[in-house]
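Notes for the one structure printed next.
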Amino acid sequence: MFFGYLLLILPFLKKIKQNSMKNKLYLFVFLLQVLALSVHAARVDTVFVKSPSMNREVKVVYILPDKVVAGNPQACPVIYLLHGYGGNARTWIGVKPELPRIADEKGVIFACPDGKNSWYWDSPRNSAYRYETFISSELVKYTDEHYATIPKKGARAISGLSMGGHGALWNAIRHSDIFGAAGSMSGGVDIRPFPDNWEMKKQLGELAANEAVWDSHTVINQVDKLKNGDLALIVDCGESDFFLDVNRNLHKRLLECKIDHDFITRPGGHTGTYWNNSIDYHILFFCKFFSR
């Protein structure tokens, strides 16, 4: 990286007079700054994590702060980010290109797995789709074994967009011994109003013939498993989003169950622009949780 920056400034070196000590000093300071940037920078790793439950490898993008990749690595908390329907392990880098800078600033690891179009369940119909087991067990174990993490729930958070918002809450509520905080951005937190969308019936069967399965695989019906304080929760959705009503219903259900949470709506739709903004609030919320 340092040499890449050096190539950029070569044209300017010719303009510096060799007998100008002042110019030489400016150049020396500038080169030191460039070197510092090149040494202290987040690293983006793309790895393939073996899933014993699915007997295959799953692509995962890790964004590692300089604290973790330095010669004397410091343990950092982890935020797991889940993509939406049609996405992949690189979705979040595309939605929020600033994640490496944020990883350095906040001292957190981001882990972004490829969840296919699984909705992050262990499918009752397809044994090749065991993404709840992968996310909440196999991936967490791999991350703690291969990176400098703080291996406890107080240093783990999970969030996601759309399908990933559903997946984040699904996994966190059902595994509140693993995750300490969870969030959802524009999440499909009640799947039942959308029985013919996003390949869900491939995993659950047709709604009309499998109502009990659908009822038991929707996030809003998992709230009864929570006690107040089990999770730090943040839920948000755009005012023009087709998932707005189900998110408001989730908010109402959490209130009925006296579960503390942050609930936010703001102008916006089901778009990358909305999620690029929303993720900042989730990171702030999680970092506050980590600092407790």
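Quick note: the coordinates plus some simple rules give every number you see, no bench work behind them. Computed from a predicted structure; not experimentally measured. Methodologically, a virtual Cβ is constructed for each residue, glycine included, from the backbone with ideal geometry; neighbour enumeration extends over all protein chains shown.
Overview of results
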quantity: Failed item, numbered, when V213 is tested on (1) in contact (Cβ under 8 Å) with a residue 60 or more places away in the chain; (2) surrounded by fewer than 24 Cβ atoms within 10 Å (Cβ to Cβ); (3) under 30 Å from P73 (Cβ atoms); calculated: (3)
quantity: Some residue of the range 236-246 being within 19 Å of F289 (Cβ to Cβ) and in contact (Cβ under 8 Å) with a residue 12 or more places away in the chain; calculated: yes
quantity: Tally of residues being of a type in the set (D, E) and in a loop (DSSP other than H, G, I, E, B) across the range 187-232; calculated: 5
quantity: Extreme residue, surrounded by the most Cβ atoms within 10 Å (Cβ to Cβ), among residues of the range 242-267 that are under 20 Å from the mean Cα position of the chain (by Cα) and part of a loop (DSSP other than H, G, I, E, B); calculated: F243
